[in-house]
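Following: one structure in structure tokens, then a few remarks.
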Amino acid sequence: MNRLKAKVAVITGAGAGIGRATADLFAEEGAAVVIAERDESTGRAAAEQINKAGRKALFVRTDVSDEASVAHMAAEAVAAFGAIHVLVNNAAIFILKGIDATPEEWRPMLDINIMGPALVAKHVVPAIRQAGGGSIVNLASISSFIAQPNYVTYNTTKAAILGMTRCMALDLAPDNIRVNSVCPGVVWTQIVAIQAEAMG
């Protein structure tokens, strides 16, 4: 307990699934948590539950593919808590397609799964620098390393996260900012349950 006492953590996609579990654990460990979530109902509920437990959370509606939305979130986080020390780039979507994927199917995958983490880091890193350093955790996947049938869209975006993580780690090391990836296997979240049902 209290491993994150006096720290401020921004967690994208924290309204459900891995992001929600991360926010709950970070709050239990003493962090003030910024719930950067596109879905207002789940994001607000996550923040309210943490606050009701006597911990600190702020919900900021955030579309990670929209730079203005991301910049607003970063500013609100600093205004509320005075600093940012940790960023967890968790927000992602699942459009599972093979080589037949259309540009309309590719675009949201690229915008949210790749551009999203890049934009959030761009706007949060100045605050982490100001705080004297900290940590970024990018959610990749075992799908970053392996091929899966008809998963070209998803696996490509998750493989890109590994390259982004390595480059960020190199670039931000002089600022005392660690950058790592976490690569989970299948986690039984709401979105995975929906995908499983759709696939029979």
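The values are calculated or read from the model by the stated rules, or taken from the named source; none is laboratory data. The structure displayed is predicted, hence computed values, not measured ones. Positions of Cβ are backbone-derived with ideal geometry, glycine not excepted, and every protein chain shown enters the neighbour counts. Keep in mind that these areas ignore ligands, DNA and RNA; they rest on the heavy atoms of the full protein, side chains included. Shrake-Rupley method; radii C 1.70, N 1.55, O 1.52, S 1.80 Å.
Quick look at the values:
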| read-out | value |
| --- | --- |
| Alpha-carbon spread of region 1-140, three principal axes, descending order, Å | 48, 29, 23 |
| Rounded tilt (10° steps) of 116-130 against the dominant C-alpha axis of the chain | 20 degrees |
| Simple spin-label estimate for Arg44 and Asn150 in nanometres, 7 Å along Cα-Cβ | 3.8 nm |
| Value of relative contact order over region 113-165, rounded to a whole percent, pairs C-alpha under 8 Å and six or more apart | 41 percent |
| Using alpha carbons only: equivalent-ellipsoid semi-axes of region 100-165, gyration tensor based, whole Å | 28, 14, 5 |
| Protein accessible area in the chain, 1.4 Å probe - carbon and sulfur % | 56 percent |
| Peptides ranked, highest mean first, by Cβ atoms within 10 Å: ranges 7-18, 126-137 | 7-18, 126-137 |
| The chain: most fluctuating residue of Arg107, Arg20, Arg55 per GNM, C-alpha cutoff 10 Å | Arg107 |
| For the chain, calculated [θ]222 nm from helices alone, where every DSSP H run of n ≥ 4 adds -39500 (n - 2.57) | -14500 deg cm²/dmol |
| Residues listed by number, region 149-179, amide nitrogen under 18 Å from Thr102 label point at 7 Å toward C-beta | 152-154 |
| Linear extension gain, Cys183 paired with Ala75, 0.36 nm per residue minus alpha-carbon span | 36.0 nm |
| Rg/Rh (Cα only; Kirkwood hydrodynamic radius) as it applies to region 1-53 | 0.95 |
| Contact order relative to length of the chain, as percent, for alpha carbon pairs under 8 angstrom and 6 or more apart | 19 percent |
| Surface accessible to a 1.4 Å probe, per residue, for the residues of region 74-143, Å² | 41 Å² |
| Extension gain (nm, one decimal) between Ala83 and Asp175, 0.36 nm per residue minus Cα-Cα | 31.6 nm |
